[in-house]
Amino acid sequence: MAGAGALRAIRWALVDHRGGPNVTSVQTGRVTPTAGPPQPVRARRKEALVSTAPIDPTGVPAWAGLREHAEQLEPDLRGWFAEDPGRAEELTLTAGDLHADLSKNLITSTTVNLLTELAEGVGLPERIAAMFRGDRINVTEDRAVLHTALRRPAGMQPALQIDDQDVDADVHHTLEQMYDFADQVRTGRWRGVTGKPVATVVNIGIGGSDLGPAMAYSALAPYVADGIEVRFLSNIDPADVAETTADLDPETTLFIVASKTFGTIETLTNARMARQWLWDELSARGQLASNNRARNRAVAKHFVAVSTALDRVAEFGIDTDNTFGFWDWVGGRYSVDSAVGLSLAIAIGPGNFADFLAGFHTIDEHFRTTELSRNLPVLMGLLNVWYVNFLGAESHAVLPYSQSLHRFPAYLQQLTMESNGKSVRWDGTPVTTATGEVFWGEPGTNGQHAFYQLIHQGTRLIPADFIAVATPAHPWQEGDVDVHSLFLANFFAQTKALAFGKTAEEVRAEGTDEAVVPARVFPGNRPTTSIMAPVLSPGVLGQLICLYEHITFTQGVIWGIDSFDQWGVELGKDLATQIEPAVNGDEEVLADQDASTRSLIRYYREHRL
Ligand code: F6P
């Protein structure tokens, strides 16, 4: 356990992995200053990284140190805070506008030192540099990982080039295209086939082509222009398309078909149904001639696409002039800041979208240039490793005290679990430790009245991130009561209760009947991180998303996994295609199924009205 003032006395290990005109060696992580004007950053050839096997974290001396430390640790947040009045200050970090208090975690200075040694031991600084440089660190898909390039400001030096692509030029060209289109829609210059301006934008996409823009659209509702509504159609359940289009006016609806691959069955099915709906509705009003030319004209005015697969977009019938591209080095779950954010850019406007991107970039720079021991995404990622691998946590709660962030946990589920839910490492060998924990959550205070019981008094360790902003979007008063203050009193109270609990003596002192004292004791030492920001602006939202992107990356590097592929989603997709004929009555395909699947399909066929 740390002694009084010990945390303040930590000699934080300094690891300089700054980028800029310096060059960081993949092998050593050392930074060599270069003379003269900045040269474009060039990615390393893929061979270098494919042959770089992950470093087994369990072989790094700090791993054994952490094991021993965990065995000896007697969590005592009450005692630690009492002994060390500087603990909160010492363990509060700032990154951009984010103010993160890590002091209510089950950590001492020894934990933090060992964790940063572990990060150095597995080469985290080198991996960070490799990602920003555009090396092909997505080994199983043989791709660079450059979502960070999507938010590089124009003119940032040194310029970024991978293979023969001028990445900065391409990114900013697409942004200009998006901003121009967003302006046309917002100002009513973009007209539907009958000459009316757009009132509703429907984003058709799933996974990363849905969750990011949908989450950001609700988070930034106060920034959405009057007269523009965005809806999100994702599920192949026909209820989704039916309910999304039910009250829509075809003349004023614009569909954005967002799909990186343009091969996702849910999205293409929904897009075809939406196209049919458009044609049917316009025809029913006598506004569409029944010939292909008229139908194509309607599609051109009411459908645009976001994709990396222009050929497939054209095949679908969407004009490639109305297509917004991105690149294979942007993963779906890392794409809200690419053209996948087009619906958001239309809703909040180019200026706000640019602020959103600037927020990401602020945290990118923090992540890229800050020493490990003061690096917020690194430390939060390492804390997650601490809980998963040394204290046995299986899940992690994310609890926004912001109704606007109600979709944030769902968004994070794809980001974290599709990224780090893996059992093999990037070189194909089995992982050597437990990996990806389950992320889940709901906004406070709703969660308080549902599942917090288990977090406070259950038998499981559930680290939790509490997120809140100081200034509300809607500063309502109830009489003399500032309702946002009342709301945030809950935020402060919950993290306090989780950390410090309530002893049996305290319960007894309230005159509680002895028989129920045990049930009313709160053990405390339930770890939380509190993240606060001044206001939920586009910039702050960008910072928050980016924080979690890099937390996820940090964990993946420690575990040696490729956080950017998602092969685990493929088998179910293939089987759905194979099984579909059986569902629709093909007896031969039905006979090929296992007994359980066969009987379930039979049940469906018998009960389907
Ligand atoms: O099936 C998973 C997945 O590939 C996600 O990674 C992705 O975000 C989603 O499907 C949608 O993919 P696309 O944008 O190519 O339609």
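The values are calculated or read from the model by the stated rules, or taken from the named source; none is laboratory data. Keep in mind that what you see is a predicted model, and the values were worked out from it rather than measured. Methodologically, a virtual Cβ is constructed for each residue, glycine included, from the backbone with ideal geometry; neighbour enumeration extends over all protein chains shown. For the accessible areas, the whole protein counts, side chains as well, though only heavy atoms, and no ligand, DNA or RNA atoms are used. Shrake-Rupley method; radii C 1.70, N 1.55, O 1.52, S 1.80 Å.
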Revision key, fill the gap. Karplus ³J(HN,Hα) for the range 452-468 (6.51 cos²θ - 1.76 cosθ + 1.60, θ = phi - 60°; Hz, whole; x = Gly/Pro) runs 4, 3, 5, 5, 6, 10, x, 8, 9, 8, 10, x, 9, 9, 9, 10, 8
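Given a 1.4 Å probe, how much area per residue of the chain is accessible, in Å²? Intermediate values should be presented prior to the final figure.
Details: 25840 Å² over 609 residues.
The answer is 42 Å² per residue.
Evaluate the charge dipole of the chain about its Cα centre and quote only its size in Debye, nearest 20, assuming +1 on the Cβ of each Lys and Arg and -1 on the Cβ of each Asp and Glu. Write out the running numbers ahead of the final one.
Details: 49 positive and 75 negative charges, 145 e Å.
Here the size comes out at about 700 debye.
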Exercise for review: May I ask you to order 387-400, 551-564 by the average number of other C-beta atoms within 10 Å around their residues, highest value first?
Suggested key: 551-564, 387-400
**Study point:** Residues with amide H under 5 Å from that of GLY444, placed H, sequence gap 5 or more
**Key:** TYR401, SER402
Review point. What list of ³J(HN,Hα) values in whole Hz, one per residue of the range 145-151 in order, does the Karplus curve 6.51 cos²θ - 1.76 cosθ + 1.60 (θ = phi - 60°) give from phi, with Gly and Pro shown as x?
Key: 10, 10, 4, 5, 6, 5, 10
Practice item. Under 17 Å from a label point 7 Å along Cα→Cβ of ASP76: give me every residue in the range 507-527 with its amide N that close. Key: 523-526
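How far, in nm, would the chain grow between GLU394 and MET156 when pulled straight, counting 0.36 nm per residue and subtracting the alpha carbon separation?
On the way: separation 238, 0.36 × 238 = 85.68 nm, distance 4.08 nm.
Length difference between fully extended and current span is 81.6 nm.
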Review point. In percent, what relative contact order does the range 102-195 have, based on Cα pairs under 8 Å that are 6 or more apart in sequence?
Key: 12
Practice item. For the chain, give the percent of accessible area contributed by carbon and sulfur heavy atoms, probe 1.4 Å, rounded to a whole number. Key: 52
Revision key, fill the gap. Contour minus Cα-Cα span, ALA358 to ARG67, at 0.36 nm per residue, comes to 100.8 nm
Point to revise | Share, in percent, of DSSP beta bridges within the chain that are antiparallel, nearest 5 | key: 35
Point to revise | Karplus-derived HN-Hα couplings along the range 117-133 (A = 6.51, B = -1.76, C = 1.60, θ = phi - 60°), whole Hz, x at Gly and Pro | key: 5, 4, 4, 5, x, 8, x, 4, x, 5, 5, 4, 4, 5, 5, 5, 7
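When DSSP assigns beta bridges and you keep just the ones with both residues in the range 451-609, what percent turn out antiparallel, to the nearest 5? Display every interim value, and only then the final one.
Values: 3 of 10 bridges.
Bridges in the range 451-609 that DSSP calls antiparallel: roughly 30 percent.
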Review point. What is the chain's relative contact order, in percent, from Cα pairs under 8 angstrom and six or more apart in sequence?
Key: 18
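Calculate the FRET efficiency for ASP328 and ASN235 from the Cβ-Cβ distance with a Förster distance of 30 Å, rounded to the nearest 0.05.
Working: r = 26 Å, r/R0 = 0.86.
Plugging the Cβ-Cβ distance into 1/(1 + (r/R0)^6) gives 0.70.
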**Study point:** Pairwise centroid distance, computed over Cα atoms, of the range 71-109 with the range 162-190, Å
**Key:** 44
Review point. Check ARG407: other-chain or 5+ apart residues with amide H under 5 Å from its amide H, H built from backbone geometry?
Key: none
**Study point:** Sequence-separation-based contact order of the range 336-475, relative, with Cα cut under 8 Å and 6+ spacing, percent
**Key:** 28
Practice item. Evaluate the distance, in nm, between pseudo-label points positioned 7 Å from the Cα of GLU580 and of ARG297 along their respective Cα→Cβ axes. Key: 3.3
Check your understanding: So what's the angle, to the nearest 10 degrees on a 0 to 90 scale, between helix 483-500 and the longest Cα principal axis of the chain?
Key -> 50
Practice item. Would you mind checking the tilt of helix 265-284 against the longest principal axis of the Cα atoms of the chain, expressed as 0 to 90 degrees and rounded to 10? Key: 40
**Study point:** Amide H contacts of GLU229 (H built 1.01 Å from N, under 5 Å, at least 5 apart or other chain)
**Key:** THR200, VAL201
Revision key, fill the gap. Highest mean packing first, using Cβ neighbours within 10 angstrom, the peptides 368-378, 438-448 sort as 368-378, 438-448
Review point. Using 1/(1 + (r/R0)^6) with R0 = 41 angstrom and r between the beta carbons of ALA519 and HIS607, what's the FRET efficiency to the nearest 0.05?
Key: 0.40
Check your understanding: What whole number of Å gives the distance from the Cα centroid of the range 562-602 to the Cα centroid of the range 275-337?
Key -> 30
**Study point:** Degrees separating the helix 595-607 axis from the principal Cα axis of the chain, which is the longest one
**Key:** 50
Practice item. Sort 203-212, 499-508 for me by packing, meaning the mean count of neighbouring Cβ atoms within 10 Å per residue, highest on top. Key: 203-212, 499-508
